[in-house]
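Here is the structure we will look at.
The values are calculated or read from the model by the stated rules, or taken from the named source; none is laboratory data. Nothing here was measured: the structure is a model prediction, and the numbers come from that model. Heads up, the Cβs are rebuilt from the backbone with ideal geometry, glycines too, and the neighbour counts pull from every protein chain shown.
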């Protein structure tokens with residue numbers, strides 16, 4: 001077996017990712033191409049070859065952040081990442097090459113983001129701990145099976161959330177799924193993340209996602225009296241639906257647009273043949289964490305693993321970092337037009 005760095009295109013990569021049960025949406029080569037075009041990160045797409053077959057992959061990016069220094073991450077802007085390998089030997093080759101790359105390029109650490117579909121997690125964690133790897137348990141993910149029957153799925157939603165959905169329907173909210181709704185979605189998203197104290201990503205990045213993934217990237221918009229009040233940009237992968245970037249207007253909360261939005265998305269995805277609703281990553285102790293639990297989803301551990309190279313400690317890049325609270329509060333008070341201008345420039349430095 002040999003380890004290589006994929007510089008161009010190779011159909012075997014996506015074929016391996018899609019057929020291996022551990023492969024996630026974020027391991028696809030299209031994700032690499034989108035990030036390369038819109039962020040100043042250097043990709044290293046490592047794969048192990050046994051004969052003519054790929055038996056392991058590890059997508060990495062060298063992130064050079066003015067805020068947090070250099071790091072090698074699998075995978076920035078993604079909630080999942082890390083090694084996908086069919087054997088311990090292939091995994092070891094990928095891990096050793098990642099460590100060598102980090103040292104060569106002056107990275108402080110290598111970050112392996114959690115993967116809820118990973119079947120070798122326990123074994124890998126044990127090997128990594130022996131290698132002095134550090135682990136963060138800040139994040140969890142929420143994944144639940146759905147059926148093709150709306151009545152069954154609705155019955156599994158807790159009573160309080162069902163009431164919120166019915167309430168939204170009484171307000172005559174409407175929804176539509178579109179592959180071309182960014183003009184309506186983006187201002188709502190930008191305002192929502194501003195209110196959370198988080199910089200927004202550039203609109204061009206979302207356009208690139210839709211262009212690259214086609215029907216596997218759609219936007220659900222929620223409208224009230226002809227005005228867009230909520231939306232969620234969503235990925236479709238295998239039999240999974242992954243609501244990813246979302247937002248809603250603060251002054252529309254009494255209309256319950258978020259409950260309505262996710263129910264309509266679940267209903268649409270079920271009709272399209274999706275059988276896994278992946279509500280995604282949340283930090284423990286946050287409003288998003290509570291919201292997803294109220295939908296009847298149980299949190300699933302999503303450990304992030306860090307291998308220190310030069311760094312003595314791993315930088316806390318999350319919004320819960322006490323040292324960042326002053327910046328978050330300041331950002332929340334800025335006018336929307338200013339955060340939409342400055343946000344994309346700052347977001348390039350957030351892994």
- Query: What do you reckon, is residue 207 part of a helix (DSSP H, G or I) and under 19 Å from the mean Cα position of the chain (by Cα)?
  - Reply: yes
- Message: Looking at residue 148 and the list (1) surrounded by fewer than 18 Cβ atoms within 10 Å (Cβ to Cβ); (2) outside the structural domain of residue 250 (by TED's automatic domain parsing); (3) in contact with a helix residue (DSSP H, G or I) (Cβ under 9 Å, 6 or more places away or on another chain), which single condition is not satisfied?
- Response: (2)
- Selected residue [closer than 21 Å to residue 203 by Cβ, in the same structural domain as residue 149 (by TED's automatic domain parsing) and over 13 Å from the mean Cα position of the chain (by Cα)] from 266, 261: 261
- Query: Do we find that residue 288 is at pLDDT 95 or above and in contact with a strand residue (DSSP E or B) (Cβ under 6 Å, 6 or more places away or on another chain) in this structure?
  - Reply: no
- Query: Which pairs have Cβ atoms under 7 Å, sit 6 or more apart or on different chains, and link a residue in the stretch 1-15 that is within 22 Å of residue 25 (Cβ to Cβ) to one that is part of a helix (DSSP H, G or I)?
  - Reply: 6/13; 9/29; 13/29; 14/29
- Which of the residues belonging to the stretch 301-323 are at pLDDT 80 or above and within 25 Å of residue 143 (Cα to Cα)? 301, 302, 303, 304, 305, 306
- Message: Restricting to the stretch 27-56, name every residue that is in a helix (DSSP H, G or I) and touching a strand residue (DSSP E or B) at 6+ places or on another chain (Cβ under 8 Å).
- Response: 27, 29, 31, 32, 35, 36
- Item | Where a residue in the stretch 95-111 is in the same structural domain as residue 73 (by TED's automatic domain parsing) and its partner, wherever it lies, is surrounded by fewer than 20 Cβ atoms within 10 Å (Cβ to Cβ) and assigned to a helix (DSSP H, G or I), with Cβ under 7 Å and at least six apart | 110/99
- Query: Would you call residue 239 free of Cβ contacts under 8 Å to residues at least 24 places away in the same chain, within 30 Å of residue 301 (Cα to Cα) and either surrounded by fewer than 14 Cβ atoms within 10 Å (Cβ to Cβ) or out of contact with any helix residue (DSSP H, G or I) (no Cβ under 9 Å at 6 or more places or on another chain) (or both)?
  - Reply: no
- In the set 342, 350, the lone residue that is more than 17 Å from the chain's Cα centre (by Cα) and under 24 Å from residue 200 (Cβ atoms) is 342
- Inspect the stretch 52-60 for any residue being surrounded by fewer than 17 Cβ atoms within 10 Å (Cβ to Cβ), free of Cβ contacts under 8 Å to residues at least 12 places away in the same chain, farther than 27 Å from residue 314 by Cβ and outside the structural domain of residue 242 (by TED's automatic domain parsing) and give the result as yes or no. yes
- Item | Residue among 14, 89 that is surrounded by fewer than 22 Cβ atoms within 10 Å (Cβ to Cβ) and either at pLDDT 95 or above or not in a helix (DSSP H, G or I) (or both) | 14
- Selection from the stretch 243-263 of residues surrounded by fewer than 23 Cβ atoms within 10 Å (Cβ to Cβ), under 15 Å from residue 288 (Cβ atoms) and in contact with a strand residue (DSSP E or B) (Cβ under 9 Å, 6 or more places away or on another chain) yields 243, 244, 245, 258
- Looking at (1) surrounded by fewer than 20 Cβ atoms within 10 Å (Cβ to Cβ); (2) assigned to a strand (DSSP E or B), find the lone condition where residue 232 falls short. (1)
